[in-house]
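Data first, discussion second: the structure below is written as structure tokens.
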Ligand SMILES: Nc1ncnc2c1ncn2[C@@H]1O[C@H](COP(=O)(O)OP(=O)(O)OP(=O)(O)O)[C@@H](O)[C@H]1O
Ligand SMILES: [Mg+2]
């Protein structure tokens, strides 16, 4: 089912309680390093991410795209360097600001109904009562899941499960949404639907930071590209320029399909 075109109509980001929100962007990664298994997997990466443009992170397998998103989201603690949200340092893993959300390649869903998954996420953010029901209904409609509300979440199809993960983000109205290859397991129709939801979130003011292996998708969605190779930031450019005239040898090889890792 295709979601209806949505205009959430929120003038400014709000907290989960509905109050006007304090902006958390820009996000600044400063000399970020991450080491594991005796290898430096993210190597002195500095990057400033502003509100607005959709940022797509590209790079071959193992470049460090997922690690970068997890470090930025606060799921991993850097070995060195800093993650700053609006100039404020984040102390460690899991303690990042609440006004961000992440969608993974494989959605993590509770063994409950579709609606209960959304309600649970909202209750963690202390949204209760009529506001919770309203947000739940809105998120289900925006993602075309209204008719699935009572169904066990884990019995949804793959595409529907990913839509539920996006519905959860929709309901929480994050300022920043990190998406790590959200469509890599989906067929073209489900992929299109996910892209439409991502676009709607973008139009509603959520900053999108997303990885993908699908260059067609990157061209459809990207305003700017951050290109990684072997844990380093190799190139960053407006999407048009990156795809038309990549500046580095690595990016040229990647776009030609010749950079395998
Ligand atoms: N905990 C860990 N211990 C050891 N190596 C790790 C760990 N986590 C990630 N790596 C390695 O770090 C590198 C970067 O991983 P990452 O998952 O960020 O790559 P990616 O760019 O997302 O790749 P893909 O396109 O395949 O998703 C890979 O070589 C991976 O094997
Ligand atoms: Mg990855």
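Inspect the stretch 151-173 for any residue being outside any helix (DSSP H, G or I), touching a residue at least 60 places away in the same chain (Cβ under 8 Å) and away from ligand 1 (no atom under 15 Å from the Cβ) and give the result as yes or no.
Yes: the stretch 151-173 contains one or more residues that are outside any helix (DSSP H, G or I), touching a residue at least 60 places away in the same chain (Cβ under 8 Å) and away from ligand 1 (no atom under 15 Å from the Cβ).
Kindly list, by first and then second residue, each pair from a residue in the stretch 199-211 that is under 20 Å from residue 59 (Cα atoms) to a residue that is assigned to a loop (DSSP other than H, G, I, E, B) and more than 16 Å from ligand 1 (Cβ to nearest atom), limited to pairs with Cβ atoms under 7 Å and residues at least 6 apart or on different chains.
Cβ pairs passing all conditions: 208/54.
Residues are listed down the side, and each one gets a yes or a no for (1) within 16 Å of ligand 2 (Cβ to nearest atom); (2) touching a strand residue (DSSP E or B) at 6+ places or on another chain (Cβ under 8 Å); (3) assigned to a strand (DSSP E or B); (4) within 22 Å of residue 182 (Cβ to Cβ):
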{"site": "33", "(1), (2), (3), (4)": "no, yes, yes, no"}
{"site": "46", "(1), (2), (3), (4)": "no, yes, yes, no"}
{"site": "69", "(1), (2), (3), (4)": "yes, yes, no, yes"}
{"site": "75", "(1), (2), (3), (4)": "yes, yes, no, yes"}
{"site": "78", "(1), (2), (3), (4)": "no, yes, no, no"}
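Based on this model, can you work out whether residue 115 counts as modelled with pLDDT of 95 or more, assigned to a helix (DSSP H, G or I) and farther than 30 Å from residue 85 by Cβ?
yes
Kindly indicate which of 204, 171, 189 is farther than 21 Å from residue 66 by Cα and crowded, with 24+ Cβ neighbours inside 10 Å.
The match here is 171.
How many residues are in contact (Cβ under 8 Å) with a residue 40 or more places away in the chain and either within 28 Å of residue 258 (Cα to Cα) or within 12 Å of ligand 1 (Cβ to nearest atom) (or both) if we restrict to the stretch 31-48?
12
Looking at 148, 132, 88, 77, which one is surrounded by fewer than 21 Cβ atoms within 10 Å (Cβ to Cβ), more than 16 Å from ligand 1 (Cβ to nearest atom), touching a residue at least 12 places away in the same chain (Cβ under 8 Å) and over 14 Å from the mean Cα position of the chain (by Cα)?
Going through 148, 132, 88, 77 in turn, the sole match is 132.
The values are calculated or read from the model by the stated rules, or taken from the named source; none is laboratory data. Since this is a predicted model, take the numbers as computed values, not measurements. Don't worry about glycine lacking a Cβ; one is built from the backbone with ideal geometry, like all the others, and counts go over all protein chains shown.
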